[in-house]
Amino acid sequence: MRSKEAAYSLVELMIVILLMTIVAGLSLPKGWDLAKEYRLRGAAHYFRGLFRQVRSEAAAKGRYTAIVFDEIEGEPLLSLYMDGNYNGVRRADIRSGVDRRIRDYWRLSDYFSGVRYGSPPGDGDTGEQPSFPPLRFGRGRMLSFSPIGTSTSGTLFLSNGQGFIYAVIVLGGSEQIDSLQEIVRT
């Protein structure tokens with residue numbers, strides 16, 4: 001006489017594995033979206049910290065120091081420059097070599113893949129033109145800090161192309177780099 005043992009058949013195990021695969025497959029896209037959002041949030045925190053660090057460096061060295069934002073073939077690049085003739089960091093002085101680069105160019109995508117400069121609705125994803133540039137400090141694409149801690153006012157918008165945009169706001173006269181603001185497009 002055979003004893004009755006509690007066991008699962010191969011069909012039952014296959015059904016359980018199939019159900020687990022379906023559940024995992026449904027949750028995977030949400031996980032990727034969260035990873036992209038966290039990468040964007042990390043980039044915004046990185047820039048807020050970078051801006052504060054450069055402001056501190058300008059005060060410590062007693063010279064204007066600037067973050068220069070450029071793009072080469074649509075790829076955002078950044079570099080740091082220090083004033084060489086005590087008149088502030090200027091593009092003409094950078095080209096002539098008077099204001100020296102203190103950190104080589106680095107790409108935004110080297111640290112935060114999928115993150116780019118963005119702007120509120122109409123940022124190019126839908127074909128609409130943005131109502132204002134995604135990056136503006138004063139009249140240009142350079143964030144300059146003085147030896148006394150003041151800076152160029154402006155905003156850097158960052159996007160992940162998934163509907164989330166973060167803004168890092170610099171209030172020049174108040175020596176304040178404001179907290180992050182999340183803007184979710186509808």
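The values are calculated or read from the model by the stated rules, or taken from the named source; none is laboratory data. Just so we're clear, the structure is a prediction, and the values are computed from it rather than from any experiment. Note that each Cβ is placed from the backbone with ideal geometry, even for glycine, and that neighbours are counted across all protein chains shown.
Some observations on this one:
- Count of the range 88-121 residues, restricted to those that are surrounded by fewer than 15 Cβ atoms within 10 Å (Cβ to Cβ), in a helix (DSSP H, G or I) and either in contact with a Lys or Arg (Cβ under 7 Å, 6 or more places away or on another chain) or acidic (Asp, Glu) (or both), is 1.
- Answer from Arg55, Arg41 - the residue that is assigned to a helix (DSSP H, G or I), basic (Lys, Arg), surrounded by 14 or more Cβ atoms within 10 Å (Cβ to Cβ) and modelled with pLDDT of 90 or more: Arg55
- Consider the range 58-72 and keep the residues that are more than 18 Å from the chain's Cα centre (by Cα) and of a type outside the set (Gly, Ala, Ser). The one that is surrounded by the fewest Cβ atoms within 10 Å (Cβ to Cβ) is Lys61.
- Failed condition for Ile169, given (1) surrounded by fewer than 20 Cβ atoms within 10 Å (Cβ to Cβ); (2) assigned to a strand (DSSP E or B); (3) modelled with pLDDT under 85: (3)
- Selection over the range 154-163 of residues that are buried (at least 20 other Cβ atoms within 10 Å of the Cβ) and in a strand (DSSP E or B) gives a count of 5.
- Against the list (1) modelled with pLDDT of 85 or more; (2) within 23 Å of Leu156 (Cβ to Cβ), the condition Ile17 fails is (2).
- If you go through the range 68-89 and keep only what is out of contact with any Phe, Trp or Tyr (no Cβ under 7 Å at 6 or more places or on another chain), of a type outside the set (Asp, Glu) and within 22 Å of Ser159 (Cα to Cα), you end up with Phe69, Ile72, Gly74.
- When Asp33 is tested against (1) at pLDDT below 95; (2) of a type outside the set (A, V, I, L, M, F, W, C); (3) in contact with a helix residue (DSSP H, G or I) (Cβ under 6 Å, 6 or more places away or on another chain), only condition (3) is not met.
- Failed item, numbered, when Leu158 is tested on (1) touching a Pro at 6+ places or on another chain (Cβ under 9 Å); (2) modelled with pLDDT under 85; (3) among the hydrophobic types (A, V, I, L, M, F, W, C): (2)
- Qualifying residue in the range 125-134 (condition: closer than 14 Å to Phe69 by Cβ and at pLDDT 85 or above): no
- Among (1) modelled with pLDDT under 90; (2) of a type in the set (Phe, Trp, Tyr); (3) surrounded by 11 or more Cβ atoms within 10 Å (Cβ to Cβ), the one test that Tyr8 misses: (3)
- Some residue of the range 60-76 being modelled with pLDDT of 90 or more, out of contact with any strand residue (DSSP E or B) (no Cβ under 6 Å at 6 or more places or on another chain) and not in a loop (DSSP other than H, G, I, E, B): yes
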